[in-house]
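Structure, as structure tokens:
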Amino acid sequence: MRIVTWNVNSVRTRLGNITGWLAETNPDVVLFQEIKCETGLFPTAAFADLGYQAAVVGQKAYNGVALLSRHPIEDVIERLPGEPEDEQARYVEATVQGVRIASLYLPNGNPSPGDKYDYKLRWMTRLREHAKKLLESEMPVVLGGDYNVIPAPRDVYDPAGWITDALFRPETRAAFRTILNLGYTEAYRALHGDDHAYTFWDYQAGCWPRDKGLRIDHFLLSPQAADRLAACTIDRGPRGQEKASDHTPVILDLA
């Protein structure tokens, strides 16, 4: 099974880029973040033409996630448990061919400290509690998406310059580790020890041509999914296109 996660930064704005890449890459499951449209305005037909059905959780202008699959999508949940009053569209989860898969868009949290950072940490606590419950199912579990977390210094072009940013604060990295410590494997780092492996480059200050990037898009795998881990790669190609998202796809292959 090939699963892709991609923060597309407006699915309608970049639809041609996205569908062209999917037609070439042909993944089984696609996880989108920051679709930036209401659920009813998601371009379902364009993806159906490529053979995908979709579970979409959108909101106007901001956030929004989707899970696309060439196979039946079952048992969909459309929000992360734990804070019923949270209306932000940041989580969708379903079962595809016996694998429990989530597309998540973890809050940015800036400026920090502050209310937005408090929300980020609460969201991460909720994710940890839900991830713990998912392990009890003993199903293969794949939690993919834009985590807005830089796990380690080698995952950012300038660690010293980012130390006070919500994506790299010690509290953020510690919260991320508490999820891993439940028994999850971070797929890319399980296979690669390289530096300068980034998934996001800001539009400003020439970050893309100067390779001033961050690695913030991740797959976390339960032990049952990690046993099937065959490959995890970052495709930098889409970031170099015209009208590109500031993120690029991460590709996970399960045997």
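The values are calculated or read from the model by the stated rules, or taken from the named source; none is laboratory data. In this text the structure is predicted, and so the values were computed from the model without any measurement. Cβ placement follows ideal geometry from the backbone for every residue including glycine, while neighbour counts extend to all protein chains displayed. For accessibility, only protein heavy atoms count, side chains too; no ligands or nucleic acids. Shrake-Rupley method; radii C 1.70, N 1.55, O 1.52, S 1.80 Å.
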- prompt: Amide H to amide H under 5 Å from LEU104: which residues, 5+ apart in sequence or cross-chain, H placed 1.01 Å off N in plane?
  reply: GLY144, GLY145, ASP146
message: Rolling a 1.4 angstrom probe over the protein chains, ignoring ligands and nucleic acids, what is the accessible area of LYS116 in square angstrom, nearest 10?
response: 120 Å²
- prompt: Can you give the accessible area of MET1 in Å² (nearest 10), computed on protein heavy atoms with a 1.4 Å probe?
  reply: 40 Å²
task: Using only the Cα atoms, work out Rg/Rh for segment 88-221, with Rh taken as the Kirkwood radius, to two decimals.
output: 0.97
message: Sorting check: for 101-114, 219-232, which peptide has the highest mean count of neighbouring beta carbons within 10 Å, and how do the rest follow?
response: 101-114, 219-232
- request: Only Lys, Arg, Asp and Glu count, each charged at its Cβ (+1, +1, -1, -1), so figure out the dipole size of the chain about its Cα centre, rounded to 20 debye.
  value: 280 debye
- line: Of all stretches in the chain that avoid GluC sites (Glu not before Pro) placed in a DSSP loop and having at most 15 other Cβ atoms within 10 Å, the longest is 139-241
- line: For the chain, the charge dipole (Cβ of Lys, Arg +1; Cβ of Asp, Glu -1; about the Cα centre) points to a positive end, and the Cα of ALA102, LEU50, GLY206 closest to that extreme belongs to GLY206
message: Could you tell me the center-to-center distance, by alpha carbons, between segment 1-65 and segment 197-248 in angstrom?
response: 16 Å
message: Please list SER245, SER137 from largest to smallest accessible area, probe radius 1.4 Å, with all protein chains kept in place.
response: SER137, SER245
statement: The base-10 log of I(q)/I(0) that the Debye equation returns for segment 1-147 at q = 0.15, 0.17 Å⁻¹, one scatterer per C-alpha, is -0.74, -0.93
query: With the other protein chains left in place, how much accessible area per residue, in square angstrom, belongs to the chain at a 1.4 angstrom probe?
result: 42 Å²
- request: Per DSSP H run of n ≥ 4, the term is -39500 (n - 2.57); total these for the chain, divide by its residue number, and report the mean residue ellipticity at 222 nm rounded to 500 deg cm²/dmol.
  value: -7000 deg cm²/dmol
- request: With N denoting the number of residues in segment 51-99, provide Rg(C-alpha) divided by 2.2 N^0.38 Å, to two decimal places.
  value: 1.21
query: For segment 46-202, what relative contact order do you get, as a whole percent, if you take Cα pairs closer than 8 Å and at least 6 residues apart?
result: 17 percent
message: Taking 0.36 nm per residue of sequence separation and subtracting the Cα-Cα distance, how much length would be gained by fully extending the chain between ALA190 and ALA61, in nm to one decimal?
response: 42.9 nm
- prompt: Given that just one value was derived from the coordinates, which of [x] 129; [y] 118; [z] 148 is volume of the Cα convex hull per residue in Å³?
  reply: [y]
query: For HIS196, what accessible area in Å² do you get when you roll a 1.4 Å probe over the heavy atoms of the protein chains, rounding to the nearest 10?
result: 120 Å²
message: Among the listed pairs LYS36/LYS116; LYS120/LYS212; LYS36/LYS132, which have their C-alpha atoms separated by more than 22 angstrom in this model?
response: LYS120/LYS212; LYS36/LYS132
field: About the Cα centre, charge dipole magnitude for segment 61-122 (Lys/Arg +1, Asp/Glu -1 at Cβ), debye
entry: 300 debye
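Computing the accessible area with a 1.4 Å probe over protein heavy atoms, can you report the carbon and sulfur percentage for the chain?
Answer for the chain is 49 percent, counting heavy atoms of protein chains only.
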- request: Apply the Debye scattering formula to segment 63-133, with a single equal point scatterer on each alpha-carbon and no solvent, then give log10 I(q)/I(0) at q = 0.15, 0.24, 0.26, 0.27 Å⁻¹.
  value: -0.53, -1.11, -1.22, -1.28
- request: Work the Kirkwood hydrodynamic radius out for segment 183-242: mean of 1/r over every pair of different alpha-carbon atoms, inverted, in Å.
  value: 13.0 Å
field: Assigned charges on the beta-carbon of Lys, Arg, Asp, Glu; segment 134-255 dipole about Cα centre (debye)
entry: 200 debye
